[in-house]
Amino acid sequence: MFFKPLKGLIHTVGFRLTLWYSGMFILSMSLLFGLVYVILFTSLTRQDQETIQAQLRELAAVYKAGGSEALEREVTREKKFERRSSFFVRLADASNRTVLLILPYQWAEFDLKALEEKPLESRLELASRTGEGHLEIASARLAFGYTLQVGKSTEDRERVLRNLRRTFVGALVPFALLSFAGGIFLSRRALRPVRQLTETVRSISGGRMDARVPILRTRDELGDLIILFNSMVEKIEKLVHGMKDSLDNVAHDLRTPMTRMRGVAEMALRSGVDEAGHREALADCIEESDKILRMLDTLMDISEAESGAMTLNLEAINICELIDEVAELYRYVAEDKAVSLKTACPAGPALLADPVRIRQAVGNLIDNAVKYTPSGGRVEVTARSEAGRVLIAVGDTGIGIGPEELPRIWDRLYRSDHSRSQKGLGLGLSLVKAIVEAHNGEVRVSSDRGKGSLFTLSLPEA
Ligand code: ADP
């Protein structure tokens, strides 16, 4: 029960970061200590050796001037004033027998007799009996085979170094704990945005699409990640809502012809309907099914074009011929409504596109223009090239579109209230947009309610 949260903590990035942090801290501290220790050790050793050498030189001069009596006097005088009393002085004859020995009382642990067995080298070391510290001795040759030895215990030096070692070991544990606590604090602080990100993802997967990660005040990598994440979720939310709306619309728009079809079939099944009545009912059913099929086909075309799955058979197209051909298809309807339909194309700009799809797009625009222009109005289709793009424009003097509707007319199944009297599925413009964008082009519209509209397709020139 207690171990479970602990186990959870151990497997966190924060814990691993903390371990790294503490490890690095302890390592750097040890390296620093090692460096300080080596520097201190070297300089203390050098200082000791220099002091011994200086003392040796001084006493050798005294001996030279006044012999062993003067030497003894000098050392005893120094001892009396407690100056440099820590020095050991030995005068040995040519056969290394001790002639004069002056040593501080606390040096009893050194077996100075052993010196008589050691060769008279310029530098010697004598270990203490207790094993703690040793005696560093420097020698100087005097006249008549005599040798003067001056020594100093390393005890002081070793005490300083021992204290330093103890201080380090004593400080290491609290410092390690401090660095661990600091590491936990810092890593928790640094990883807070990541935790918030995880919580937000959890909320989103739990169905709360409006959840967002709080924006950081700092613009670092995590701050950028959070901004990107929030904008991505924003887009996904819009997409999901769009899809839901589309699905609702499709369901709603399919329901109407299906209900109508069912009603017609039900009526035909009633007794008393003759053969002509049955035929009429069947014809109505076919008409309604055609409508449903058209709607489903167009929806699939839009999805294909939007997802990039639409196969485009690209060909060099003479755009002037294309707009003339398409306009010709609507000539009869336009004349019937007393709407003038004209095309204008100064020169034939070249276009590399799928002629079937471009015909479909231009056809939908002309269809709308004629549909939404009352009698006496005008529809003009033009094509021209401008700055490396082919611009196909369909303008009309029809009912126009209000500014509040303009952003929605490209949505699937959107139909404005003003167009309810006209036939339509609300899919024409969505298909136009999808086809044009599949050709790396773009669509534009400008419109004034009651004055007319101008739809422009801009496609890259071949
Ligand atoms: P619909 O089948 O309703 O024509 P579209 O997708 O082609 O569907 O057009 C969507 C809506 O845009 C229409 O319902 C209409 O309100 C508006 N619209 C499109 N073209 C025109 C136009 N030339 N003049 C006025 N309104 C238009």
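The values are calculated or read from the model by the stated rules, or taken from the named source; none is laboratory data. All values derive from a computational prediction rather than experimental measurement. Every residue, glycine among them, receives a Cβ derived from its backbone with ideal geometry; neighbour counts consider all protein chains shown. Please note that ligands, DNA and RNA were not included when accessible areas were found on the heavy atoms of the full protein model with its side chains. Shrake-Rupley method; radii C 1.70, N 1.55, O 1.52, S 1.80 Å.
One decimal place: the segment I236-E69 gains 49.7 nm when fully extended, by the rule 0.36 nm per residue minus the C-alpha distance.
3J(HN,Hα) along region 49-65, derived from phi through the Karplus expression 6.51 cos²θ - 1.76 cosθ + 1.60 where θ = phi - 60°, amounts to 5, 5, 4, 4, 4, 4, 5, 4, 4, 5, 6, 4, 5, 4, 4, 4, 6 Hz, with x in place of Gly and Pro. In this structure the amide hydrogen of G133, modeled in the peptide plane, comes within under 5 Å of no amide hydrogen from residues 5 or more places off or on another chain.
Peptide packing: for 326-336, 239-249, the average count of neighbouring Cβ atoms within 10 Å per residue gives the ranking 326-336, 239-249, highest mean first.
Each Lys or Arg adds one and each Asp or Glu takes one away; over the other residues whose Cβ falls under 12 Å from the Cβ of R262, this sums to -1. 3J(HN,Hα) couplings calculated from phi for region 139-151 with the Karplus curve 6.51 cos²θ - 1.76 cosθ + 1.60 (θ = phi - 60°) are, in sequence order, 10, 9, 6, 10, 5, 6, x, 6, 10, 9, 10, 10, x Hz; Gly and Pro show x.
Give the angle, between 0 and 90 degrees and rounded to the nearest 10, that separates the Cα long axis of helix 221-269 from the longest principal axis of the Cα atoms of the chain. Approximately 30 degrees, to the nearest ten.
Computed over protein heavy atoms with a 1.4 Å probe, the carbon and sulfur contribution to the accessible area of region 141-294 reaches 62%.
A Cβ-based charge dipole, computed about the Cα centre of region 310-349 with Lys and Arg at +1 and Asp and Glu at -1, lands at about 180 debye. Excluding ligands, DNA and RNA, the accessible surface per residue across the chain is 61 Å² with a 1.4 Å probe. Cross-link check: pairs K64/K113; K113/K152; K291/K433; K238/K423; K244/K423; K244/K433 evaluated at a Cα-Cα cut-off of 23 Å; pairs beyond the cut-off: K64/K113; K238/K423; K244/K423. Helix 355-371 and the longest principal axis of the Cα set of the chain meet at an angle near 60°. Under a 5 Å amide H cut-off, with hydrogens placed 1.01 Å from N, N318 pairs with nothing among residues at least 5 apart or on other chains. In sequence order, region 320-334 has phi-based couplings of 5, 5, 4, 5, 5, 4, 5, 4, 4, 5, 9, 4, 4, 4, 5 Hz under the Karplus curve 6.51 cos²θ - 1.76 cosθ + 1.60, θ = phi - 60°, and Gly or Pro positions carry x. With a sphere of radius 13 Å drawn around the Cβ of A92, what net charge do the other residues whose Cβ falls strictly inside it have (Lys, Arg +1; Asp, Glu -1)? Net local charge, A92 excluded: +1.
By accessible area, using a 1.4 Å probe on protein heavy atoms only, region 364-462 has 46% of its surface on carbon and sulfur. Its Cα gyration tensor gives the chain an equivalent ellipsoid, and the semi-axes of that ellipsoid, as √(5λ) in whole Å with the largest first, are 110, 28, 17. When region 327-462 is described by a simple charge dipole with +1 on each Lys and Arg Cβ and -1 on each Asp and Glu Cβ, the residue from V362, G388, A338 located farthest towards its positive end is A338.
Extension gain for F144 to I204 (0.36 nm times residue separation, less C-alpha to C-alpha distance): 11.5 nm.
Stretched out straight at 0.36 nm per residue, the stretch from W410 to M243 would grow longer than its current Cα-Cα span by 58.7 nm. Based on DSSP H runs of at least 4 residues, each adding -39500 (n - 2.57), what is the mean residue ellipticity at 222 nm of the chain after dividing by all its residues, to the nearest 500 deg cm²/dmol? Rounded to the nearest 500, the figure is -20000 deg cm²/dmol.
Remark: region 309-462 is approximated by an ellipsoid whose semi-axes, taken from the C-alpha gyration tensor as √(5λ), come to 24, 18, 14 Å, largest first. A cut-off under 11 angstrom between Cβ atoms defines the neighbours of A434, and their net charge, with Lys, Arg +1 and Asp, Glu -1, is -1. If you wrap the tightest convex hull around every Cα atom of region 340-418 and split its volume per residue, you get 124 Å³.
Assuming charge only on the beta carbon of Lys and Arg (+1) and of Asp and Glu (-1), the dipole of the chain about its Cα centre is about 2880 debye to the nearest 20. Which of S30, T51, L431 sits farthest toward the positive end of the charge dipole of the chain, with +1 on the Cβ of Lys and Arg and -1 on the Cβ of Asp and Glu? Working it through, the farthest residue towards the positive pole turns out to be T51.
On a per residue basis, the convex hull of the C-alpha atoms belonging to region 250-315 measures out at 91 Å³. Once the C-beta distance of R189 and R420 is scaled by a Förster radius of 60 Å, the resulting FRET efficiency is 0.50 to the nearest 0.05. Remark on G377: its backbone amide H falls under 5 Å from those of S340, a criterion applied only to residues 5 or more positions apart or on other chains, H modelled at 1.01 Å from N.
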